[in-house]
Each structure stands twice: as structure tokens, then as C-alpha cells.
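First up is the structure itself, then whatever we jot down about it.
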Amino acid sequence: MTEYPKHLYMIVFPINALVASQLDPEDFGMHYAVGSTKHYSGKVIFSELDINFRDPYFEIDKYLELTVPDPVNNRPKRTKFICSYGVIEHIPLKTLQKLYLVKSNGKVLPLEKQEYTAVNQPGLIRLYQEICPLETLVASTKNQREFGKFITRETKSKGAPKILFTQIDFNINEFFQVNKGKGIISCQIPNVNPYRVKECIEELKKHPEKLTKTISLGSVLKDISFSMIRHGFWFVDGEEMAFFPMPSTEELETKYFYWWKYATR
């Protein structure tokens, strides 16, 4: 009988769950996105965790023992759910290995964890999409480090102990220029009220003491293409950060061509 290695995966979009599997990341992404009718159809984001990770909150050893091949055809166990609630809060950032972006066609893009060394322009308004465990679209003058710390340590009304978020590639000056003098305005971000976007940005500009404005309570991640992701993805726990940058355009057009080819769709 074939021996299959076991993996621990944390799904962070469209749900938050800890899953054991004998599939490698590429096959796991393909299976979750298109391989099973009971599963989600659309984008998937997940991270592989250190297989030695343990926490009393999870019954990891119990479910890993149940993650075995099918006794009839010896096919690897595709998914064995360990936990489907409160997962990210109990995952130390040091256990995160690669982050994987799965398109609706099942193609998988691996992202490597890197130190975040960017020097941020102060006061610049950015649009952040919270992904897990919150799903709010936020306009903020805080940079990525400040925003992550704010959400995880400095606010309880709109915060969480840990957060995964990304930045939307949104040109604010272009937004106002395109809509200048128009009675009916538009926004490149789908399924978002353009008037709310305009209102939030204008308020941040007029009132510098205000540092964040909520644009939408729902996630736009399911509607936008991965090509609208700016910089990458940040997991934050107070001062601690795990950053997964998007590859350069050159890498996407060469090394990851078959993933990138449909990234704008």
C-alpha cells in the first residue's frame, strides 16, 4: 500500500478551517476549488502549517490518525476537517509556511513568506480588505504595520486577536478624476457603493484625526481578480507579522504563466 505524507492546512478564504490531508498543496487546492461538488466553487486561499504544530484547542493527533488512504482503492485521504471555528486565533504565525492562492479553475499560486521591510509613505490613504476572521473593506491612513496592530491590539469594537488582510490596488486620484463632474459615478471595485467610497476618502482627507473608515461590511475578495491585490498578504498578531508578497509581474508572466493567464478574469 502506498504511503502518503500528511499535511496540515489552514483555509482562510472562503471559510476558516483547519484540515488534515494527504494531498499536496496543488492537488488540495484543485480538489477544494473544483474537485468536489460539496465544496466551494470559486477562489480559495489556504496556508500549509508545520506538521508538528499542536495546540490544546485542536484535536490534531486524533484527526491525523484518521487521515488514511481509502482501504479499497488506496487513494489518499483528501480532506479531514479538524476544526471549523475560531481557527486563526489559535495559530501562531511562526507555524505558517507557504500561502496558496487558488483560482476558480483550481490553479494554485504559492507565495513564500518574507520579512516585510517596506518604508511606507505617511498619511497615504489605502484600501484594505480584511480576509480572516473579519471581512470588512476599510479605507485608512494607517500603513500596513499600523493597521494590523490597530486591528489586533488597539480596538475591540472592530478588531480581532489576529488578522489576515490585503491591500486593494486602487488609484484614488484616478477615481476622483474619472468621476469629476459626473452625476452618476462608478468604481472599479465591483459590488461596492461608489458614493460610499467617495464619502469615506473625502472624510479621511478633511479630518486627519480620523484614521479608518469602513466602506463595506462584506468582502469584495470573491468578486475581484487576484490581479487587484497590491503587494501581498499580511497576517498580523500585534507587533508580529507574517508577510506573503505577490510575485513580480515578470515572475507571474514567466514562472507562473498558466496561473497568471487567467488572473484578471
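The values are calculated or read from the model by the stated rules, or taken from the named source; none is laboratory data. None of the values given here were measured: they were computed from a predicted structure. With ideal geometry, Cβ positions are generated from the backbone for all residues, glycine too; neighbour counts draw on all protein chains shown.
If only one of Tyr32, Tyr57, Tyr63 is in contact with a Gly (Cβ under 9 Å, 6 or more places away or on another chain), free of Cβ contacts under 8 Å to residues at least 60 places away in the same chain and among the hydroxyl-bearing types (Ser, Thr, Tyr), which one is it?
None of the other options fit; the residue is Tyr57.
On the basis of being surrounded by 14 or more Cβ atoms within 10 Å (Cβ to Cβ) and of a type outside the set (Gly, Ala, Ser), does Phe81 make the cut?
Spelling it out, it is not the case that Phe81 is surrounded by 14 or more Cβ atoms within 10 Å (Cβ to Cβ) and of a type outside the set (Gly, Ala, Ser).
Just checking, which of Thr155, Thr136 is closer than 24 Å to Glu209 by Cβ and modelled with pLDDT under 95?
Step by step, each of Thr155, Thr136 is checked, and only Thr155 is closer than 24 Å to Glu209 by Cβ and modelled with pLDDT under 95.
I'm told Phe165 meets every condition in (1) surrounded by fewer than 16 Cβ atoms within 10 Å (Cβ to Cβ); (2) hydrophobic (A, V, I, L, M, F, W, C); (3) touching a residue at least 12 places away in the same chain (Cβ under 8 Å) except one. Can you identify the failing condition by its number?
Unmet for Phe165, out of (1) surrounded by fewer than 16 Cβ atoms within 10 Å (Cβ to Cβ); (2) hydrophobic (A, V, I, L, M, F, W, C); (3) touching a residue at least 12 places away in the same chain (Cβ under 8 Å): (1).
How many of the residues making up segment 208-232 are among the basic types (Lys, Arg), part of a loop (DSSP other than H, G, I, E, B) and under 19 Å from Pro194 (Cα atoms)?
Let us first name the residues in segment 208-232 that are among the basic types (Lys, Arg), namely 210, 213, 222, 230.
Remaining after also requiring part of a loop (DSSP other than H, G, I, E, B): 210, 222.
Narrowing further to those that are under 19 Å from Pro194 (Cα atoms): 222.
Counting residues in segment 208-232 that are among the basic types (Lys, Arg), part of a loop (DSSP other than H, G, I, E, B) and under 19 Å from Pro194 (Cα atoms) gives 1.
Which residues, counting only those in segment 235-265, are farther than 30 Å from His90 by Cα and of a type in the set (Val, Ile, Thr)? Quick ask: steps written out before the conclusion?
First pass over segment 235-265, keeping only residues farther than 30 Å from His90 by Cα: 248-265.
Thr249, Thr254, Thr264 - these are the residues of segment 235-265 that are farther than 30 Å from His90 by Cα and of a type in the set (Val, Ile, Thr).
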